[in-house]
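As structure tokens, the structure follows; a few thoughts come after it.
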Amino acid sequence: MKKGFTPTPIKHKALFKCRQKRPVLDMVWGFTLIELLLYIAIISLVLVFVTGFFWNIVSGNIKENSYQEVQQNGRFVMTKITQEIKKAIGINSPASGSSANSLSLIMSDSNLNPTIFDVSGGKLRITQGVLAPIELTTDQVLVSNLQFTNLSYLNTPGTLRVEMTLKNLNPSGKNEYQASIDLKTSVSLLKGL
């Protein structure tokens, strides 16, 4: 030992007493069972609401896409029928004052004679002359209640009323895939133009 250095004894009992004065619970970190159950319940509720919210968004998107598909097909079909009727020079069928589920038009171009609109397998088709039928609607849309009514008077170019229902194909029967529209228009032939 060095001169002038005197070791001081450590008071172990004093340190031990200080440690015993602190409560044991202050040193334990964690959750009680009630806190844990409360946190799980809160997180579960939040997840249920968030999942429901996102499901509504997805369901609404599906519904909107179904309706949009039906509308686009309807708009295309009505435009095509209107154009062909305006280009026609006469009506083969239906006869004046009657209705039919198909339309036959007399066209000025003999290669397109006759131009026929009809439904086969739920799809609207156009057949021009000897060419093969062309489907005008997509696979997701069914056409029903197709009705052509000849509203023509004698000595007039001819007027037709076109009516149909378009539905989104929904084999599963789910509500979000249901979409349907009823279309109706009247078109006159533009004979001589």
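The values are calculated or read from the model by the stated rules, or taken from the named source; none is laboratory data. This one's a predicted model, so the numbers in the text were calculated from it and none came from an experiment. Please note: Cβ atoms are built from the backbone with ideal geometry, for glycine as well, and neighbour counts cover all protein chains shown.
Working carefully through the options Ser110, Ser59, Ser96, find the one that is of a type in the set (S, T, N, Q) and touching a Phe, Trp or Tyr at 6+ places or on another chain (Cβ under 8 Å). None of the others qualify; the one that does is Ser96.
If you check Thr165, Thr127 for being at pLDDT 90 or above, farther than 18 Å from Ser104 by Cβ and either surrounded by 15 or more Cβ atoms within 10 Å (Cβ to Cβ) or touching a Phe, Trp or Tyr at 6+ places or on another chain (Cβ under 6 Å) (or both), only one passes: Thr165. Looking across the stretch 76-112 at every residue that is over 17 Å from Thr159 (Cβ atoms) and surrounded by 18 or more Cβ atoms within 10 Å (Cβ to Cβ), the one that is modelled with the highest pLDDT is identified as Val77.
What do you reckon, is Ile62 buried (at least 17 other Cβ atoms within 10 Å of the Cβ), among the aliphatic types (A, V, I, L, M) and in contact (Cβ under 8 Å) with a residue 24 or more places away in the chain? In short, no. In the stretch 78-105, the residues that are farther than 14 Å from Thr127 by Cβ form Cβ pairs under 9 Å with partners that are part of a helix (DSSP H, G or I) and among the β-branched types (Val, Ile, Thr), at six or more places apart or across chains, as follows: Ile91/Ile85.
When Asn111 is tested against (1) within 19 Å of the chain's Cα centre (by Cα); (2) over 19 Å from Gly74 (Cα atoms); (3) of a type in the set (S, T, N, Q); (4) not in a loop (DSSP other than H, G, I, E, B), only condition (1) is not met.
Would you check which residues across the stretch 68-108 are closer than 23 Å to Gln140 by Cα and either acidic (Asp, Glu) or over 33 Å from the mean Cα position of the chain (by Cα) (or both) and list them? The answer is Glu69, and nothing else.
So which strands (runs of 3 or more DSSP E) stay within the stretch 115-157 end to end and still have 2 or more residues that are touching a residue at least 40 places away in the same chain (Cβ under 8 Å)?
Ranges flagged: 123-128, 141-150.
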